[in-house]
1. Taking the Cα centre as origin and putting +1 on Lys and Arg beta-carbons and -1 on Asp and Glu beta-carbons, what dipole magnitude results for the chain, to the nearest 20 debye?
2. Want the number for VAL116 to GLU227: 0.36 nm per residue separation, take away the alpha-carbon distance, what's left?
3. So how far, in whole Å, is the C-alpha centre of the stretch 165-185 from the one of the stretch 107-141?
4. Can you list the residues of the stretch 224-243 with backbone N under 20 Å from a point 7 Å past the Cα of THR217, pointing along Cα to Cβ?
5. Which percent, nearest 5, of DSSP beta bridges in the stretch 2-241 are antiparallel?
6. Can you grab the distance from the C-alpha centre of the stretch 7-22 to the C-alpha centre of the stretch 64-86, Å, no decimals?
7. From Cα pairs below 8 angstrom and at least 6 apart in sequence, can you work out the relative contact order of the chain, rounded to a whole percent?
8. Defining a contact as two alpha carbons under 8 Å apart and six or more residues distant in sequence, what relative contact order in percent does the stretch 1-108 show?
Amino acid sequence: MKIWAHRGCSQRYPENTIIAFSKAAELFDKGLEGIELDVQLTKDGEMVVMHDERIDRTTDGYGFVRDYTFDELKTFHIHTGNTAAEHIPTFKEVLDLLKDRMYKGFRLNIELKNSVYPYPGMEERVHDIVEEYGLHDKVVYSSFSAKSLEIMRSIDSKAEIGMLDTKVSDCLYKLKGGCGADALHPYWQGMDLPREEFEGYTVRAWLSGHLYPEKPTGGRLDLQALEEKGITDVFLNEPEVYL
Ligand code: G3P
Ligand code: CA
């Protein structure tokens, strides 16, 4: 089972922040496969790393990412407990942090957060940045939007692409419908098909789970049981506990 850090080490540190990604990067030597993160575009076209379309939950600001320029957005704070407050990172800031490890094999799953608001041009923009850093063979692009993945596939015939949905049956349906994806990214409890039906596909399952600052439950997932369902990779908020 390959283990990824979901939004960085997002149980002990605030999701999608430089501290959460730094802590995850330190786990590369312990066998962490890579990091999953979410990208969106600001009003002035800056690619930022942020899960929600709104900034309310994770910052001291209010409103939509797409309604702010990056200069405006970076004035808002993400509270990080005992460490200094951070701002919403740009995608390039995160690549600057991770690139040396990525050249050595550490991977990045870039989820295009475009199923609520499509962010026209986002696929080309993220692809250009990844190319600029020479990291095309270290990334996996994913989205809940099949249309977006189709665009990504038309941009790059060799890119690794994962189809997100809740049920593995829906991921497979969309994949076979021609969105251009080559891997399935279902919710971990959405394994509603016998594994023979998706034999040969990489299946990267995601969890909702606890996020900083919630307290961990202390429960452990049975990774062996997930593997038996055909899951090959998991995105975990607390990967450090499993490595
Ligand atoms: O990419 C897997 C997973 O992160 C999808 O759900 O809501 O955590 O972005 P979400
Ligand atoms: Ca995500």
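1. 280 debye
2. Working it through step by step, the gained length comes to 36.8 nm.
3. Rounded to whole Å, the Cα centres lie 18 Å apart.
4. So the set is 224-229, 231, 234-243.
5. Here the antiparallel bridges make up roughly 15 percent for the stretch 2-241.
6. Spelled out, the Cα-based centre of one part sits 14 Å from the other.
7. Relative contact order here is 22 percent.
8. In percent, rounded to a whole number, it is 25.
No value in this document is a laboratory result; all are computed from the given coordinates. Just so we're clear, the structure is a prediction, and the values are computed from it rather than from any experiment. Backbone-built Cβ (ideal geometry, glycine too); neighbour counts: all protein chains shown.
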